[in-house]
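The values are calculated or read from the model by the stated rules, or taken from the named source; none is laboratory data. All figures in this text were calculated on a predicted structure; none of them were measured in a lab. No Cβ is skipped: glycine too gets one built from the backbone with ideal geometry, and neighbour counts run over all protein chains shown.
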């Protein structure tokens, strides 16, 4: 792809997002193509081409030829997803902070997208441990407690697809060294409702976070291996597992509609 073509694509994207933003701001009131072209100082033909693309893709709905367009189901779904993520973080952060302070170690919340594990937030309260997140996401699903816990709530096809795509089979957690056992081991984790295991110089834990009984994230904890004792394991399960339940309860509605 040459430089001029890249610049041209960026300009089209900028115009497309501009049109979407104007329509979303005006919804539920429709916005016509002429008003959009004037507001964004666009050529009418360019504006019409972008509107057709957005209409065909389900991002907008044409109310009528005269009235114009409103936000469609696809963009409203994306907006609702963004709002839910914001609600998740608002509810989870103070609970995670309290849990990390209670165990005096690190607690995090993560989600898996497109083969990468994203750490949404991490709180470390162990002054003897320094934890740096060098990137927003990591290709370490089958090496981590939060990664395998999320896989436990995926379909067998997804579980194996992620496993087959994983580049370092020799570094996966011990239960997952044999491909034929991956789905059965994940089913055990799901039935148990949590995961814990020693891993090198640490002990790792993960607990599920739900919204209306739907898995949405993993709450993880890591402690030095010296503290990975039966008594402390029980304490981690009580505190961090309880934190996951508290977050889940705050994201669950009592009544559903529709």
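Yes/no matrix, rows are residues, columns are (1) under 26 Å from residue 237 (Cα atoms); (2) not in a helix (DSSP H, G or I):
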residue: 54; (1), (2): no, no
residue: 75; (1), (2): no, no
residue: 102; (1), (2): yes, no
residue: 118; (1), (2): yes, yes
Of all residues in segment 91-109, how many are surrounded by fewer than 19 Cβ atoms within 10 Å (Cβ to Cβ) and either without any contact (Cβ under 8 Å) to a residue 40 or more places away in the chain or under 17 Å from the mean Cα position of the chain (by Cα) (or both)?
6
Quick check: is even one residue across segment 231-242 under 19 Å from the mean Cα position of the chain (by Cα), in the same structural domain as residue 103 (by TED's automatic domain parsing), closer than 30 Å to residue 87 by Cβ and at pLDDT 95 or above?
no
Options 225, 210, 166; residue that is surrounded by 12 or more Cβ atoms within 10 Å (Cβ to Cβ) and at pLDDT below 95
166
Subset of segment 150-162 that is farther than 19 Å from residue 191 by Cβ and under 19 Å from the mean Cα position of the chain (by Cα) - its residue that is surrounded by the fewest Cβ atoms within 10 Å (Cβ to Cβ)
161
Which is in a strand (DSSP E or B), in contact (Cβ under 8 Å) with a residue 24 or more places away in the chain and under 16 Å from the mean Cα position of the chain (by Cα), of 63, 112?
112
Residue 131 is checked against (1) modelled with pLDDT of 90 or more; (2) part of a loop (DSSP other than H, G, I, E, B) and fails just one. What number does that condition carry?
(1)
All conditions in (1) within 30 Å of residue 87 (Cα to Cα); (2) surrounded by 11 or more Cβ atoms within 10 Å (Cβ to Cβ); (3) out of contact with any strand residue (DSSP E or B) (no Cβ under 6 Å at 6 or more places or on another chain) are true of residue 147 except (3)
Residue among 87, 91 that is in a helix (DSSP H, G or I), in the same structural domain as residue 120 (by TED's automatic domain parsing), modelled with pLDDT of 90 or more and within 28 Å of residue 217 (Cα to Cα):
91
